[in-house]
Amino acid sequence: MIALYYWPTPNGHKITMFLEETGLDYSIEPVNIGKGEQFEPAFLKIAPNNRMPAIIDHAPADGGEPISAFESGAILQYLAEKTGRFVPTALRERTVVSEWLFWQMAGLGPMAGQNHHFNRYAPEKLPYAIERYERETRRLYGVLDRQLQAREFVAGDSYSIADMAIYPWIVPHEAQHQNLADTPALQRWFTSIRERPATVRAYARGEAISPSGQSMSEEARRHLFDRPVA
């Protein structure tokens, strides 16, 4: 049994996408980031950076004590190794998956996250910041589009944890002021993943916990943006 500490954000969706694809037995332990539950001592024991998702694997492959993991990219790698799925065994192909997983973690996620903040949540609209992060998001979409022009999935012909990591950060493309019609290979890839049954199930799990489209409360704003790191 995998205990998934989760809230329906792009990083949270990555893990439910993997779990739904593989059929691993898992439970969701909601971590309401709008209420500050990511700062609770019990959660910080497994996620010291006070960010979700995190997992506890109660049946690790070595048969030993439960294993916890935080950081969505590390969780995807752990689960891929546990199941032997969605990551290649061949060295060269595996390296490509790792490259694009880390591309999302180091590039697309942080830049799109800043795009979201300055476009949607910042109390003051700062044109320089908005333009900078929209432009950088657009550049990254272009990088991804070029990668997808000659291959079905990000790392080649097979769906992988790299695709699962990237897709949730493309879902809010309209809020990022990006037009998928400008990147047709990316748009084709995006549509194919959106229609996968496991993706549909994963996003339904999130909607059941916290429906999308809700406005942000002042309490949530304080916890997400004003509270110092624990």
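The values are calculated or read from the model by the stated rules, or taken from the named source; none is laboratory data. All figures in this text were calculated on a predicted structure; none of them were measured in a lab. Backbone-built Cβ (ideal geometry, glycine too); neighbour counts: all protein chains shown.
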- Pick from 54, 61, 47, 69: which is at pLDDT below 95 and among the small types (Gly, Ala, Ser)? 61
- Is there a residue being assigned to a helix (DSSP H, G or I) and either surrounded by 18 or more Cβ atoms within 10 Å (Cβ to Cβ) or assigned by TED's automatic domain parsing to the domain that holds residue 170 (or both) anywhere in segment 62-72? yes
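Results for (1) over 16 Å from the mean Cα position of the chain (by Cα); (2) of a type outside the set (D, E, K, R); (3) at pLDDT below 95; (4) more than 30 Å from residue 59 (Cβ to Cβ), shown as yes or no for each residue.
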residue	(1), (2), (3), (4)
136	yes, no, no, yes
157	yes, no, no, yes
161	no, yes, no, no
167	no, yes, no, no
176	no, yes, no, yes
- Test: residue in segment 84-98 that is under 16 Å from residue 159 (Cα atoms), in contact (Cβ under 8 Å) with a residue 40 or more places away in the chain and of a type in the set (Asp, Glu): yes
- Task: Sort out which residues of segment 99-129 are surrounded by 15 or more Cβ atoms within 10 Å (Cβ to Cβ) and more than 15 Å from the chain's Cα centre (by Cα), and write them in order of number.
- Result: 115, 117, 118, 119, 129
- Taking segment 109-127, which residues are of a type outside the set (Gly, Ala, Ser) and farther than 15 Å from residue 177 by Cβ? 110, 123, 124
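Does any residue of segment 93-107 turn out to be modelled with pLDDT of 95 or more and in a loop (DSSP other than H, G, I, E, B)? Don't jump to the end; show me each part of the working.
Narrowing segment 93-107 to residues modelled with pLDDT of 95 or more: 93-107.
Add one more test, that the residue is in a loop (DSSP other than H, G, I, E, B), and what stays is none.
No, segment 93-107 contains no residue that is modelled with pLDDT of 95 or more and in a loop (DSSP other than H, G, I, E, B).
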- Message: Checking the structure you have, find out if any residue of segment 131-148 is outside the structural domain of residue 78 (by TED's automatic domain parsing), under 24 Å from residue 28 (Cα atoms) and either in contact with a helix residue (DSSP H, G or I) (Cβ under 6 Å, 6 or more places away or on another chain) or part of a loop (DSSP other than H, G, I, E, B) (or both).
- Response: no
- Task: Output the residues belonging to segment 73-98 that are farther than 29 Å from residue 40 by Cβ, among the hydroxyl-bearing types (Ser, Thr, Tyr) and surrounded by 13 or more Cβ atoms within 10 Å (Cβ to Cβ).
- Result: 83, 98
- Give me a count of the residues in segment 4-55 that are surrounded by fewer than 20 Cβ atoms within 10 Å (Cβ to Cβ), in contact with a Ser or Thr (Cβ under 7 Å, 6 or more places away or on another chain) and in a helix (DSSP H, G or I). 2
